[in-house]
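J.: Quick one: structure below, then a few questions.
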Amino acid sequence: MKYDVTVIGSGPGGYIAAIRCAQLGMKAAIIEKYNTLGGTCLNVGCIPSKALLDSSEHYHNAAHTFGDHGIELKDLKVNLKQMIDRKASVVSQVTGGVDFLMKKNKIDVYHGMGSFIDKNTIKVTDSEGKETQVETDKVIIATGSKPASLPFIEIDKKRVITSTEALELKEVPKHMIVIGGGVIGMELGSVYGRLGAEVSVVEFMDDIIPSMDKTMGRELKKSLKKLGFNFYLGHKVTEVKSTTKTVTVKAENKKGELVELKGDYCLVSIGRRPYTDGLGLENVGIKTDDRGRIEVDGHLKTSVDNIYAIGDVIKGAMLAHKAEEEGVFVAEVIDGQKPHINYNLIPGVVYTWPEVSAVGYTEEQLKESGRAYKSGSFPYRALGRAQASMDVSGLVKVLADKETDEILGVHMIGARTADMISEAVVAMEFRASAEDIARMSHAHPTYTEAFKEACLAATDNRALNV
């Protein structure tokens with residue numbers, strides 16, 4: 001079969017790219033290694049982790065806040081099997097939705113390992129070893145990423161686990177040791193912390209979620225400590241050993257002092273690596289950089305003129321929505337259009353509770369660049385909506401250019417900020433000033449009033465409700 005475009009990888013970047021290609025009149029195919037479509041995000045990433053985060057937050061509220069709401073419960077307990085089953089049901093629904101979209105858009109799906117024979121021919125080897133060859137004019141590589149580890153850590157997938165296994169545990173850990181204070185570790189640590197596990201975080205850097213504005217890391221750490229988290233920041237892990245029932249993690253602080261932690265599970269969440277294993281890149285002359293990423297130009301084209309790459313296999317944030325934007329971008333480039341992506345305005349979200357969300361520059365980046373800026377923030381505690389729902393932890397911080405008042409960065413921690421950050425993205429896409437947002441009516445009572453108030457604070461410190 002000959003196609004105009006073949007996409008390798010069916011995650012959010014891949015399947016969106018295939019759909020956009022089909023919308024533009026191209027005959028498209030998609031190749032997926034696994035039996036279900038959707039990639040890491042839908043199968044073992046964004047969607048299942050959010051399902052468990054939601055379930056665990058319901059349990060946590062039932063145990064800790066329902067009484068204040070006047071809701072009395074007896075014999076409350078965790079049914080982890082049901083939580084995992086519900087998560088599996090959610091995954092089944094969303095991956096089934098991708099199947100539907102492929103059929104709707106007349107995109108041919110090949111299940112098996114895709115590997116380049118040459119730049120126009122891809123061999124697909126299915127789980128039974130049967131090989132099929134796909135001829136194609138253009139190729140989009142969207143094979144995503146896999147959990148990374150350290151060379152001396154053996155991931156046994158039983159006691160020493162990655163995010164994938166953390167979604168399938170049969171019991172609530174008594175003590176989960178999380179290596180890595182980034183997004184994945186904080187989210188999955190939160191799941192089990194809310195269900196009653198003791199959680200200890202060992203992080204090499206001096207703060208958690210270190211790539212985000214430092215204010216957010218400090219505030220999230222406060223919230224997670226209330227949940228019972230222990231933090232060992234500035235610690236370098238030196239050894240991880242497991243038995244059939246226990247895990248021992250050794251780490252050194254900056255003074256060289258040794259810390260030894262014993263738990264029943266160790267979640268290794270130090271990041272992810274681009275996944276290009278078995279693609280046969282050497283057969284088409286595509287090289288990867290020192291971090292395993294495929295190098296692309298401004299049009300996301302590789303060194304081979306008909307092969308493009310998107311998502312986690314190239315540089316930039318490993319985010320599903322970044323990959324989606326790139327999928328649409330490449331499809332439109334192939335179609336001869338001139339699309340654009342503003343990478344500075346790709347929002348980032350941590351789905352803990354409170355949620356952490358951000359877009360644009362951090363305060364640290366502005367200081368480093370020497371750009372003059374002003375800052376305004378507003379606490380959730382002063383919001384009527386937050387008081388009503390008992391979600392008073394958090395704040396919104398707005399950074400604006402000191403002279404022009406253009407919003408340069410927005411950083412939020414609090415209830416529903418994952419949804420609220422889109423208002424900041426829209427504002428910044430249209431290069432709004434803090435004054436613009438300060439003069440727009442926001443419904444009362446809502447969480448989004450915190451964004452307006454933070455903008456008021458950034459412009460002559462005139463927040464009204466604090």
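J.: Please report the net charge: other residues with Cβ closer than 15 Å to the Cβ of residue 262, K and R +1, D and E -1. Walk me through the intermediate numbers first.
T.: Numbers: positive: 159, 174, 241, 245, 250; negative: 198, 239, 260, 264.
Here the count lands on +1.
J.: Can you list the DSSP H helices in the chain whose Cα atoms extend at least 24 Å along the helix axis and whose mean Kyte-Doolittle hydropathy is -1.0 or higher? Provide the component values of the computation, followed by the final result.
T.: Working: long enough: 46-64 (26 Å, -0.49); 80-104 (36 Å, 0.00).
Long hydrophobic helices here: 46-64, 80-104.
J.: Same structure, new question: Per residue, how many Å² of accessible area does the chain show with a 1.4 Å probe?
T.: On the way: 21950 Å² over 466 residues.
Ligands and nucleic acids excluded, the result is 47 Å² per residue.
J.: Would you mind getting me the FRET efficiency between residue 132 and residue 343? Use the beta-carbon distance for r and R0 = 41 Å, nearest 0.05.
T.: Working: r = 36 Å, r/R0 = 0.88.
It comes to 0.70.
J.: Under a point spin-label approximation (7 Å from Cα along Cα-to-Cβ), what is the residue 88-residue 260 distance to one decimal in nm?
T.: Here the answer is 3.9 nm between the modelled labels.
J.: Here's another thing I want to ask about it. With both partners inside the chain, how many of the DSSP beta bridges are antiparallel, as a percent to the nearest 5? Before the final figure, lay out each step's value.
T.: On the way: 50 of 83 bridges.
Taking every DSSP beta bridge within the chain, about 60 percent pair in antiparallel fashion.
J.: With a 1.4 Å probe and every protein chain left in place, tell me how much accessible area residue 47 has, in Å² to the nearest 10.
T.: Roll a 1.4 Å probe over it and residue 47 shows about 50 Å².
J.: Note down the net charge around residue 192, summing +1 for each Lys or Arg and -1 for each Asp or Glu among other residues with Cβ under 13 Å from its Cβ.
T.: Working: positive: 170, 174, 194; negative: 57, 165, 168, 171, 187, 198, 264.
My count for the surroundings of residue 192 gives -4.
J.: Between region 330-389 and region 186-243, what's the alpha-carbon centroid distance in Å?
T.: Rounded to whole Å, the Cα centres lie 22 Å apart.
J.: Additional query: Where does the charge balance sit around residue 421 when Lys and Arg score +1, Asp and Glu -1, over other residues with C-beta under 13 Å from its C-beta?
T.: Details: positive: 397, 416; negative: 213, 355, 419, 423, 429.
Charge balance in the 13 Å sphere: -3.
J.: Okay, moving on. Give me the percent relative contact order of region 279-402, please, defined on Cα pairs under 8 angstrom at least 6 residues apart.
T.: Details: 138 pairs, mean separation 15.5, N = 124.
Dividing the mean separation by the residue count of region 279-402 yields 13 percent.
J.: Could you order 116, 100 by accessible surface area, starting with the largest, using a probe radius of 1.4 Å?
T.: Details: 116 5, 100 125 Å².
Order by accessible area, largest first: 100, 116.
J.: With charges only on Cβ, +1 for K and R and -1 for D and E, what is the dipole size of the chain about its Cα centre, in debye, rounded to 20? Walk me through the intermediate numbers first.
T.: Values: 58 positive and 63 negative charges, 185 e Å.
Value, rounded to 20: 880 debye.
J.: Further question: Ranked from the most accessible area to the least, with a 1.4 Å probe and all protein chains present, what is the order of 194, 273?
T.: Numbers: 194 10, 273 90 Å².
Ranking 194, 273 by accessible area, largest first, yields 273, 194.
J.: Over all directions, how big on average is the projection of the convex hull of the alpha-carbon atoms in region 68-218, in square nanometres? Numbers along the way, then the final one.
T.: Details: hull surface 62.1 nm².
If you wrap the Cα atoms of region 68-218 in a convex hull and average its projections, you get 15.5 nm².
J.: Report the Cα-based extents of region 155-203 along its three principal axes, largest first, to the nearest Å.
T.: That gives 23, 23, 14 Å along the principal axes, largest extent first.
J.: Quick one: pull the percent of accessible area on the chain belonging to carbon and sulfur, 1.4 Å probe, ligands and nucleic acids left out.
T.: Values: 10780 of 21950 Å².
After summing per-atom areas, the C and S share lands at 49 percent.
J.: Moving on to the next point. At 7 Å along the Cα-to-beta-carbon direction for both residue 388 and residue 245, put a label point, then send me their distance in nm to one decimal.
T.: It is 5.1 nm.
J.: Can you pull out the GluC sites (Glu not before Pro) in region 74-137 whose DSSP state is coil and whose Cβ has at most 12 other Cβ atoms within 10 Å?
T.: 128
J.: In debye to the nearest 20, how big a dipole does region 7-147 give about its Cα centre with +1 on each Lys and Arg Cβ and -1 on each Asp and Glu Cβ?
T.: On the way: 17 positive and 15 negative charges, 48 e Å.
In total the dipole reaches around 240 debye.
J.: How big is the Kirkwood radius of region 312-466, worked out from every pair of different alpha carbons and given in Å to one decimal?
T.: On the way: mean 1/r = 0.0615 Å⁻¹.
Its Kirkwood hydrodynamic radius stands at 16.3 Å.
J.: Give the percent of DSSP beta bridges with both residues in region 22-178 that are antiparallel, rounded to the nearest 5. Please list the in-between numbers first.
T.: Values: 10 of 14 bridges.
Antiparallel bridges make up about 70 percent of those DSSP assigns within region 22-178.
J.: Run the 1.4 Å probe and let me know the accessible area of residue 207, rounded to the nearest 10 Å².
T.: Estimated to the nearest 10 Å², residue 207 gives 20 Å².
J.: How big is the shadow of the Cα convex hull of the chain, averaged over all directions, in nm²? Numbers along the way, then the final one.
T.: On the way: hull surface 98.1 nm².
Over every viewing direction, the Cα hull of the chain projects on average to 24.5 nm².
The values are calculated or read from the model by the stated rules, or taken from the named source; none is laboratory data. Predicted model only: the values in this text are computed from it and were never measured. Methodologically, a virtual Cβ is constructed for each residue, glycine included, from the backbone with ideal geometry; neighbour enumeration extends over all protein chains shown. In case anyone asks, the SASA skips ligands and DNA or RNA and just uses the protein heavy atoms, side chains included. Shrake-Rupley method; radii C 1.70, N 1.55, O 1.52, S 1.80 Å.
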